[in-house]
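Written out below as structure tokens is the structure these notes cover.
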Amino acid sequence: MIETRDLNKIYRTEEVETTALNGVNITINDGEFVAVMGPSGCGKSTLLNIMGLLDSPTSGEYYFMGNEISGYTEKQRAQLRKGNIGFIFQSFNLIDELTVFENVELPLLYLGLDTAVRTSKVEQTLDRMGMIHRRNHFPQQLSGGQQQRVAIARAVVADAKLILADEPTGNLDSDHGDEVMKLLTELNKSGTTIVMVTHSPHDAKYAGRLINLFDGKVVTEGQEEAFHV
Amino acid sequence: MLKNYIKIAIRNLLKKKGYSLINITGLAIGLATCILIITYVLNERSYDSFHDKSDRIYRIVQTTESADRNEKQATTPFELSPVIEEEFPGSVLTSVRFFDMQLESHTFVNREDGISFREENFYFTDSTFFDMFSVDLIQGDPKTALRDPLSLVLTKDLATKYFGNENPIGKALNYRGIRNMTVTGVMENWPETSHMKIDLLASFSSLDDIYASSPDYNSSWLWNPIWTYVLINENTNPAQLETQVQGLAEKYYYAYSGWPEDESVKLELQPITDIHLHSNRDQEMQVNSSAIYTNILLAVAGFILIIACINFMNLSTARSLERRREVGLRKVMGGYKEQLIYQFLGESFFVSLIAIILGCILVVLSLPFFNELTGKTLTFDLFTNAYTLPALLALTLFVAFFSGSYPAFFLSSFNPVQVLKGSGISSRSGVLFRKILVTFQFSLSVLLLIGTAVIFLQLKFIQEKDLGFDKNNVLLLPTKQNLISWEYDSFKQQSLSHSQIQNITGIGKIPGSEVQEYYRYVPAGTGDSEDNTNLALHVTHDFVETFDLNILAGRSFSREFPSDPEQSILINESMLTKLDVTSAEEAIGSTFYFYPPVGERERFNVVGVIDDFNYSSLKKEIEPLVIKLVEGTQEILGYVVHTAVEISPGDPSAAIQHIESIWKELNPIDPFEYRFLDERLDEIYESEQKISSLATVFALLSIVIACLGLLGLSSYSAHLKQKEIGIRKSLGASVTDIVRLLSKEFLILVILANLIAWPLSYFGTLKWLENFPYRFDMATYLPVIFIATGAIILFIAMVTVSYHSIKSAMINPVQAIRNE
Ligand SMILES: Nc1ncnc2c1ncn2[C@@H]1O[C@H](COP(=O)(O)OP(=O)(O)OP(=O)(O)O)[C@@H](O)[C@H]1O
Ligand SMILES: [Mg+2]
């Protein structure tokens, strides 16, 4: 699914030059559940954004589903992203002006699907996330855990092959966090590849593999058990 | 997808009701103003285009030039029309003349019913009238209605006025007590959108009958009382025809015996549709308007629309900060940049659409008021004119694109990674752009306000300027070729018996009015050049007294000197420059010669010198003037146009009644009519007056709209700074500190806007003021205007900004911090 070769990302501002990623080589296979950990500022989010085609690397090669994308235009990346990648954020990022249903429907709109298809898909997904009874609520009317479940529904509604989650439990208490992790595990079991950034060793346990970043470099990589002494 | 866009657009509008209200109200007011002005300007530009052949109808006008003068006149000699038809049969299909006997009004009497009125819009015209002009004849035959002598065609309204519900055809109306005319046709009311006003038309052939005693009446090329119109052939080039017509000057004008040697004539063709806005000659049928004013109004409309659009832009970009998350997410979901641009442009279109609908409603509501202001009867509806709806749609699209494109590109260019991280785009982004726009907006408002103030002051100056004579409490009675001329002395004597009536005099033209009359009165010793002429004013006794003129030297005309009418003249101070004298006293006794068109020159002595007064309107400078006394019925009939009555201050109604009763006794034919001199003189500045009131309204509106924008922006800025305010307050800042902090940035912009507007308005208004030889004291008043408008706008802006500043400064800091 994903392969990076010598991936570098350098942020240049007027004063400083920050190397956020420094020669990252990662391979993630279809159906994997990978957790990315590391201290704050080590480049986790940067890596996730590049994987999700939201950002492009400064140098290095990135293969997504067999396509080398470092030379892609913004529009080409958007094209590839649609329907293939779903995002889950720490701060949920739902659109306040849209209802639960409409938020989840959004990716399908950009895919240009029919109303009937959209409705059935959205309802199915909301049902799976246990949010169908809230379909006409606005995000502000929901608890954090509920909002994150809507966000997950939105990430998977278009049958994304890859889900990228940046600290999905960061804003949730442990009960709600566990709920979210269970949902992700289920998704993974049904075949979705998941890459998740987390600060919580507890959450990382749900993943099948752990990548540790430090200062933009992959320091250790391996099966989850190996790091859980 | 569209549904999704519309949904989010509506919810955004509803969620921020305050902003939406400001956005839409401002835009609606701006659009309404624009629509009103465009309707007005289109109406002004449509003058005379209702004639089917309007593109082929031209008026021929003449300009006579000599060494010291250049007279642009709208009228031509009698013979020009037949000569043109004869000389250019291929190019000129037909021509039509209009003649009003050079009278301001004409008495018509329905003897049967004893109804009489004075009519101002009456002309003698050729039988070809209906071939050229497009007005429907309701009754009568257009081919013959104006053929026979003493035929009369009147409008529907006039027919009702004189004959009620009876059929007017074949009925008689008596014209000025001299002829009975027979009604041969009734036509539709003459449209308002014409440079002519027509209520009654008599056949041109009537003149042969009326002037039967002087059959040469129409042969002079020196006398030019006729408005001449030609209808040209479809493939005739008007410019070419004009050069051909110019050739007539040599052949007819200069060849005419008595044509002054150094005087040349220029003949021009004016498209009939250009007359209303582009012609300002002597002897126009009506006072025309001017393209300057329609252009000023269009500029104002543009300004106001821009100001309103800027509000929209500013508020949308400011609000965009709140929508950046939506943008980021849409991009994450795979939305393309173009899709987002379309979405925001679409929203902008949606808002514009609401605004234009509201705007149209505002137009309908304000139209009566606007009509009152402009003296028009404009109408507004969407369907009578096929262009209205497409034009409105185009306007909506323009506004949507103009005000929506920047926010659209600005919003759609957000980088999703940074947006979703909640950083990258600070509340500072687009700030400079917003500041520039606000400054620009207020510069325009200041410009409009200063322009308005200058127009206002100039008009006030003109109205209050000392004309050198007393224009107050003077009654004007039209008395040209009036029956009262036979009883002039007894009319005067009897009228003066009323204690309120102080003086009465006959005048050849109204002092201070536009008309200028030149006669060949020349000082002796300047050679008896016949081409020398001067302004002259014919008056009867007591002129100097009625108008309270100041005598510098010598005396006024007096009955004690019976030879005054034949030998004496008065001159004004300016005339001294044409005499070889050093003082007014020295000029007394100087000799002038008058050269009549035929016969020997006549000799006159100067018996008095009077202070300069404004013989013409304030649009012209004071020139040397000769005042000549007229006496006796023949002279009064020939020269006196108005009778001026000076009434003592106070309620004039008793005095007016007194004069009226005497008038009716002495003059059974002409109805009694009067008006006040000051009101008559105010009319000269009618178009300026109209522009002044329009400009005032629009300048105020522009400020309202700009302030609406400021209100929105300041509220937004206060909202963004809630956390900062909370922190500052918790650190001990007072409410005043906070208000100052929040208001400062905007007030600096408003001050800057004033500084930018000052030089622009200085040069702009200077250009307009060049039209007036007499101007208010700019050196003193302009700085005052600048400072005053600046202060007013700053004050309004301050009040606007403080509203939100104070509101947020009062908020409990804990709440403010938590609200972030
Ligand atoms: N837009 C940017 N401009 C400049 N530097 C940036 C930018 N985005 C990230 N960085 C820098 O890149 C480095 C990596 O940032 P990144 O957001 O990937 O860290 P992270 O591992 O996700 O941290 P956290 O756990 O706090 O979320 C940091 O040093 C950060 O300061
Ligand atoms: Mg991060």
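Just so you know, all these numbers are worked out from the coordinates, no wet-lab data involved. Just so it is clear, the structure is predicted and the values come from calculations on it, not from any experiment. With ideal geometry, Cβ positions are generated from the backbone for all residues, glycine too; neighbour counts draw on all protein chains shown.
Neighbouring Cβ atoms from other chains, within 10 Å of the Cβ of residues in B:5-17, number 2 on average. So which lysines pass the test for B:LYS492, namely a Cα distance under 26 Å, with those fewer than 8 places away in the same chain ruled out? Counting by Cα, and skipping residues close in sequence, B:LYS492 has these lysines nearby: B:LYS471, B:LYS480, B:LYS509, B:LYS628, B:LYS664. Among the trypsin sites (Lys or Arg not before Pro) found in the range B:423-511, those both in a DSSP coil and sparsely packed, with 16 or fewer other Cβ atoms within 10 Å of their Cβ, are B:ARG428, B:LYS465. Ranked by how many other Cβ atoms sit within 10 Å of their own Cβ, fewest first, the residues A:GLU17, B:GLU487, B:GLU517 fall in the order A:GLU17, B:GLU517, B:GLU487. Spacing of the modelled spin labels on B:ILE551 and A:VAL219, each 7 Å from Cα toward Cβ, amounts to 11.7 nm. With n ≥ 4 as the cut-off for DSSP H runs, can you work out [θ] at 222 nm for chain A, using -39500 (n - 2.57) per run divided by the number of residues, rounded to the nearest 500? After summing the helix terms and dividing by residue count, I get -10000 deg cm²/dmol. Take each residue in A:83-91, count the other chain C-beta atoms within 10 Å of its C-beta, and the mean is 3. Relative contact order for chain B: 15 percent, from Cα pairs under 8 Å spaced at least 6 residues apart, divided by residue count.
To the nearest ten degrees, helix B:2-15 and the longest principal axis of the Cα atoms of chain B are 80 degrees apart. Rounded, prolate or oblate: which fits the range B:348-470 when a ≥ b ≥ c are the square roots of the eigenvalues of the alpha-carbon gyration tensor, with rounded for a/c under 1.5 and prolate only if a/b beats b/c? Oblate, because a/c is 1.5 or more while a/b does not exceed b/c.
Mean partner shielding of peptide A:100-107, defined as the number of other chain Cβ atoms within 10 Å of each residue Cβ, is 3. Computed from point charges on the beta carbon alone (+1 for Lys and Arg, -1 for Asp and Glu), the dipole magnitude for the protein assembly as shown about its Cα centre is near 7120 Debye. Among the chymotrypsin sites (Phe, Trp or Tyr not before Pro) within the range B:360-397, those in coil by DSSP and having at most 15 neighbouring Cβ atoms inside 10 Å are B:PHE383, B:TYR387. Between A:GLU14, A:GLU74, A:GLU32, which gets the highest mean-square fluctuation from a Gaussian network model of chain A, Cα cutoff 10 Å? Between A:GLU14, A:GLU74, A:GLU32, it is A:GLU14 that shows the largest mean-square fluctuation. What's the center-to-center distance, using Cα atoms, between the range B:539-598 and the range B:439-509 in Å? The range B:539-598 and the range B:439-509 have Cα centres separated by 24 Å. With contributions of -39500 (n - 2.57) from each DSSP H run of at least four residues, the per-residue ellipticity at 222 nm computed over chain B stands at -16000 deg cm²/dmol.
Magnitude of the charge dipole for the range B:223-380, about its Cα centre and with charges confined to Cβ atoms of Lys, Arg (+1) and Asp, Glu (-1), is about 1520 debye.
Taking other Cβ atoms within 10 Å as a rough exposure proxy, B:ASP199, A:ASP173 sort from fewest to most as A:ASP173, B:ASP199. Which of rounded, prolate or oblate describes the range B:185-297 when judged by the alpha-carbon gyration tensor and an a/c cut-off of 1.5? Oblate, because a/c is 1.5 or more while a/b does not exceed b/c.
Using C-alpha pairs under 8 Å with a sequence gap of at least 6, the mean separation divided by the residue count of chain A gives a relative contact order of 29 percent.
For a test of the definition: using alpha carbon positions, the gyration tensor, and the 1.5 limit on a/c, classify the range A:74-151 as rounded, prolate or oblate. In terms of gyration-tensor shape, oblate.
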